[in-house]
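Report on the structure given below.
Nothing in this text is a laboratory measurement; each read-out follows from the coordinates by a stated rule. None of these values were measured; they are calculated from a predicted model. So basically every Cβ, Gly included, is an ideal-geometry build from the backbone, and we count neighbours across all protein chains shown.
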Amino acid sequence: MASGGEGKDCIVGNKYRLIRKIGSGSFGDIFLAIHKCNGEEVAVKIESCKTRHPQLLYESKVYRFLQGGIGIPHIKWFGVEMNSNILVMDLLGPSLEDLFNFCSRRFTMKTVLMLADQMIGRIEFLHVKNFIHRDIKPDNFLMGIGRHCNRYRDNRTRHHIPYRDDKNLTGTARYASINAHMGIEQSRRDDLESMGYVLMYFNLGKLPWQGLKAANKRQKYEKISEKKISCPVEVLCKGYPAEFAMYLHYCRNLRFEEAPDYVYMRQLFRILFRTLNHQFDYTFDWTMLKNNNKNNSTNAVNNEGEVAGQSSWPNRPNI
């Protein structure tokens with residue numbers, strides 16, 4: 001199977017012609033491909049059947065289970081060809097991290113609040129389907145489902161996963177919940193706490209526990225954990241509307257099995273949005289940049305104004 005930068009003569013699933021490599025991850029490579037009959041562009045993920053921890057089959061099953069949700073990419077085809085697992089799916093736009101960089105690493109309050117509303121909705125959908133994400137972050141928002149997503153409740157018995165306090169950190173330390181740092185099994189509350197840190201990252205441009213010096217990864221995780229625990233919510237959110245601190249306090253106070261009140265969380269930010277006299281018109285900061293400077297690259301702009309479920313941005317696959 002093609003593994004280099006070009007795959008123009010390779011067709012997978014009898015329909016999709018590989019055009020070029022657009023990214024890679026721990027599993028393998030991501031290609032841009034075109035349907036040979038109708039010209040539709042798609043993303044093709046390819047991993048070797050010999051890989052130690054294959055993930056594409058599981059990822060395809062999870063995506064199919066979640067089909068129909070807003071922001072969930074459609075699976076076109078999954079199969080095995082030439083000793084490779086191959087997943088063909090919708091080709092979507094850039095990640096929120098890409099858009100953040102496109103906007104000089106600072107979002108306006110209007111953009112942050114519109115994103116908050118959509119992100120809570122995406123996370124709620126995942127939770128309703130009995131999954132938790134476990135790696136909520138700007139450059140991986142609903143992109144790492146196949147690798148990180150985990151059931152928190154058994155579909156048949158409806159029993160919640162058991163509480164444990166001996167878990168290794170899953171996800172990204174920068175946005176991980178305090179409980180995740182402490183080795184406690186993650187549940188719905190942890191996804192939402194992580195989202196709170198993402199929102200403050202968008203507000204501040206940088207979180208207080210970024211850039212800490214450490215001799216190794218383990219020591220760095222410990223320093224991030226210590227800084228996060230010692231930094232009061234009010235200090236983290238200083239200078240920003242009280243709703244951000246209220247949101248984080250709410251998430252941190254949820255019990256392990258407690259069902260979050262998604263309506264309450266969305267209303268927090270919606271009321272603030274209206275108080276600031278903003279219009280929910282899907283005009284994000286990157287939309288304004290695109291309109292103001294037509295000569296700049298517009299590949300970093302998601303014209304739909306919707307938070308998507310998977311990013312195929314060439315320079316930031318990070319699946």
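Summary of values
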item: Inter-site label distance for Ile11 and Asn292 at 7 Å from Cα along Cβ, in nm; result: 4.8
item: Sorted by Cβ neighbour density within 10 Å, fewest at the top, the residues Met182, Met246, Met195; result: Met182, Met246, Met195
item: Burial ordering of Ser104, Ser194, Ser84, fewest other beta-carbon atoms within 10 Å first; result: Ser104, Ser84, Ser194
item: Taking only Cα atoms of segment 186-262, radius of gyration then Dmax in Å; result: 13.3, 41
item: Stretch gain in nm, segment Arg64-Arg105, where the contour uses 0.36 nm per residue and the Cα spacing is subtracted; result: 11.4 nm
item: Efficiency of FRET from Cβ geometry, Lys36 and Arg252, R₀ 41 Å, rounded to 0.05; result: 0.20
item: Around Phe273: net Lys/Arg minus Asp/Glu count, Cβ-Cβ under 11 Å; result: +2
item: Proxy reagent accessibility, fewest Cβ within 10 Å first, across Phe202, Phe65; result: Phe65, Phe202
item: Over 26 Å between alpha carbons, listed pairs Lys61/Lys137; Lys61/Lys223; Lys21/Lys137; Lys206/Lys290; Lys110/Lys206; result: Lys61/Lys223
item: Ellipsoid semi-axes in whole angstrom, largest first, where each is sqrt(5λ) of the Cα gyration tensor of segment 1-83; result: 19, 18, 11
item: HN-Hα J in Hz across segment 225-230 - Karplus 6.51, -1.76, 1.60, θ = phi - 60°, x for Gly and Pro; result: 4, 4, 5, 5, 5, 7
